[in-house]
Every structure is written in C-alpha cells, then in structure tokens.
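The values are calculated or read from the model by the stated rules, or taken from the named source; none is laboratory data. Just so you know, these numbers come straight off a predicted model, no measurement behind them. Please note: Cβ atoms are built from the backbone with ideal geometry, for glycine as well, and neighbour counts cover all protein chains shown. For the accessible areas, the whole protein counts, side chains as well, though only heavy atoms, and no ligand, DNA or RNA atoms are used. Shrake-Rupley method; radii C 1.70, N 1.55, O 1.52, S 1.80 Å.
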Amino acid sequence: MAGVGGGNDFQWCFSQVKGAIDEDVAEADIISTVEFNYSGDLLATGDKGGRVVIFQREQESKNRPHSRGEYNVYSTFQSHEPEFDYLKSLEIEEKINKIRWLPQQNAAHSLLSTNDKTIKLWKISERDKKAEGYNLKEEDGRLRDPFRITSLRVPVLQPMDLMVEASPRRIFANAHTYHINSISVNSDHETYLSADDLRINLWHLEITDRSFSILFCSSKGTIRLCDMRAAALCDRHTKFFEEPEDPSSRSFFSEIISSISDVKFSHSGRYMMTRDYLSVKVWDLNMENRPVETYQVHEYLRSKLCSLYENDCIFDKFECCWNGTDSAIMTGSYNNFFRMFDRNTRRDITLEASRESSKPRGILKPRKVCTGGKRKKDEISVDSLDFNKKILHTAWHPKENVIAVAATNNLYIFQDKMN
C-alpha cells in the first residue's frame, strides 16, 4: 500500500540503522526519546542512561546528486546523572524523558532535555580554530615570566580538527513533585512548558529559579485547552474536548485505555492529535464535542486487555507525530510495528522496524495481523506478537519524507523511495 505519507504514490525504504545488534541489551542503551530539529538536519536521541546522541545529516554527494545525505554521529554527551533525594529517600533516574529543540538563532544549536526532575538547556557549538601566540602563556599552557617578555605578539587563529562542544547553559530544577512527562517550547521561543502527572509549569528560558504553575489533572481521555492570551492564570480552560463514551462498551479497562499518552498540534495550528492506548484521534480546535478523525492503531488487542494489564503493557505510553504537511500521521505499536495513516485517502499501512528488512534501499513490505480465522501466508497471528518489542518513540522530518523510529536500543531511519 504505497502513498501513505505524502500524497503521491511512493514506497518506504530502509535507509540506516544505528545501535548494536546485541541480544542482551543493556537497560541504559534503550532509546527513550527521538526528535528532529526545525530544519531536519539534526536528529537527537536520549536514552535511559542519561545520554544524548545528536546525528547530523551529511551534505549531498556531488557524485550522486539525487541521493540524500545519511545521518552520522555529530555529538554525544552525558545530559543527566543518577541522583538521590535524601529528604524523600527517592532515587532519581538519569533516563532522558524528552528532548525539545529550540529554533537556531546563531551558529550554535540549543536544546532542552529532561529526566524525571531536572530540565537542562544545552548549547551545542562547533570549534574548528584555536588561538596561538599568546603573550602571557606558552603554547602548552604554562604561564610566562612577565619580566622576560621583550615584545608583544598578536595572537592568530589556526585551523584545528572540528570539535563539537555541548555545554549546559541553564538548569531548571525543584519545581515538580511528580515525574516530568513532557516539555514543550512555546511559539514565542522564550518560554516553555513542563508537565508531570498533576501539574503544568510555565518557564522562561532565562529564569531558572521560579516557574508559573498551571494545575491540571485528567486520566479520562479529556483535553483542556487554555488560552494564555486570555488570562495569565490558566485555572479555567477555554475549550474542553471530550468524546461521549458508549455505555454499552464500558469495561474495567475503559479509563486506562482512554488515558491520553501524547498530544501534538498540527503545523497549521488548526488540528490537534491525541494518542490513547488503542487509537489516534484528530480534533478540530473549533469543534469540542467529538474528533473529526479516528484511526484504530491495534484494535485487535481489545480482546487481550486482561493479559496486557497483567504484564503492565496497558500502561505503555505511545507517541504520535505529523508529517510536514499535516497530511499523514504516524504512531507505534508492538512487535516493532509502526502505523501510518493518510488523512486524504484514508489509507493506512503497518510497517516493521527490523534488521531482517534492513537491506540498503530495501523496500519495506506492509505487515498484517491476523485477527481470526485462517491465517494467510504473509500475516502474523495476534498470539505471536512480541510485546517486549514496542515502538513508543517516532519522529518525522519537518520537510521531507524521512522518519526516525526507535526500537529498543536501535534507531531506524526510513525514507521514501526515490526513482
């Protein structure tokens, strides 16, 4: 089923995979967030070991003008370390929960990263020149005797091997009682929001010692939209989005599976996408009583909710993302499957991130799950799905049909097939 993602008929093909092939994956190496920057030239991942790895897209080759550059490691740094809260006798993990890029203002790049309690603003800058010929120190750094200096020299900049430095510019801490789930940069690019299970805080990027609190709590699949232009204190919502529940379908799991794990505004600003356990919904901001589109991600799991509750998979938080033109959406599932939905044609496709299908430029074959009856040759049975392999984190290039999919400790990059 070609065409999901761009409007024209095309197929998705394998581009790259990053990460080790080991069977025994270290907990610290599991990828916990993926994010393209505003241009799509940089791609950042965070892992459970507190590390941030930034990949940079290489320039197009002159020998192959139609080939698009690959993403290679640009910078790796330790963003967070494990800590211990002695007052609460609580261990704070180093795991990176979210990364958010800031628009580039100068030659350097900036991003926010957060673990459960602390948000950090990082500056990523390049250095390919060094100063030589100082008056008061030798080339090896030793200080010179001022009384032996008989003439003044003008230091000169000499080329050196490119060095990428990541330095923490701000640290925002001690504002969340519960674990931070997400951060989001506001449209003014000067403030940002951080949210835990109960509270949303508004921060200014230049002020680290205080934040503005917005109190919210909902686990029932409802969305409250606040307009910060209308009132500084967002204690009352401007819009309230809720889909009426069918009483006949209510069960013990209803509230759990309706809990929203991710919300994304469309690039146009007109729509909002929400992900719950079984589906993705698209809401028009002008219509609060029901979503304008609903896409079933893995409805075949509804009959498996008991076992998913027992193994805690029912609490997995799947993310979702828009493509650059808002015409398609992507989200993850189990068995390393991920789903794409074309909003114009209403076509959908299930693809798999696996090393078996990672041949260079190899076209991804659509996967199908057999929900009952006789299983066809290319289908996989619901009972055969591996619930330890899950695609929770995905990202779509802001301008092109290039996607990044995190599968345990591996980062897969796919793109549309270019003729």
Relative contact order (%) - segment 12-416, alpha-carbon pairs under 8 angstrom, separation at least six:
15 percent
Do you know the relative contact order of segment 90-162, to the nearest whole percent, from alpha carbon pairs under 8 angstrom that are 6+ apart?
24 percent
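Gain in length, C370 to E299, computed as 0.36 nm per residue apart minus the alpha-carbon separation, to one decimal in nm? Write down the numbers at each step before the final one.
Values: separation 71, 0.36 × 71 = 25.56 nm, distance 1.16 nm.
Full extension from C370 to E299 adds 24.4 nm.
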What does the accessible area per residue of the chain come to in Å², with a 1.4 Å probe and no ligands, DNA or RNA counted?
56 Å²
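Pick out, in residue order, every one of the trypsin sites (Lys or Arg not before Pro) in segment 74-115 that is DSSP loop and has at most 15 other C-beta atoms within 10 Å; say none if there are none. Can you show the working numbers first?
Details: sites: K88, K95, K98, R100; in loops: K88, K95.
Here the trypsin sites (Lys or Arg not before Pro) that fit, given the DSSP loop and packing criteria, are K88.
Could you compute the longest span of the chain free of chymotrypsin sites (Phe, Trp or Tyr not before Pro) located in DSSP loops and having at most 12 other Cβ atoms within 10 Å, not counting the site residues? Write down the numbers at each step before the final one.
Working: sites that count: Y86, Y178, F252.
Answer - 253-419.
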Restraint check, K18/K117; K220/K304; K123/K239; K220/K374; K264/K390; K18/K220, Cα-Cα greater than 32 Å:
K123/K239; K220/K374; K18/K220
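Per the 1.4 Å probe, what fraction of the accessible area of segment 329-410, in percent, lies on carbon and sulfur atoms? Write out the running numbers ahead of the final one.
Numbers: 1780 of 4030 Å².
C and S atoms contribute 44 percent here.
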Qualifying trypsin sites (Lys or Arg not before Pro) for segment 231-292 [loop in DSSP, other Cβ within 10 Å: at most 15]:
R236, R250, R270
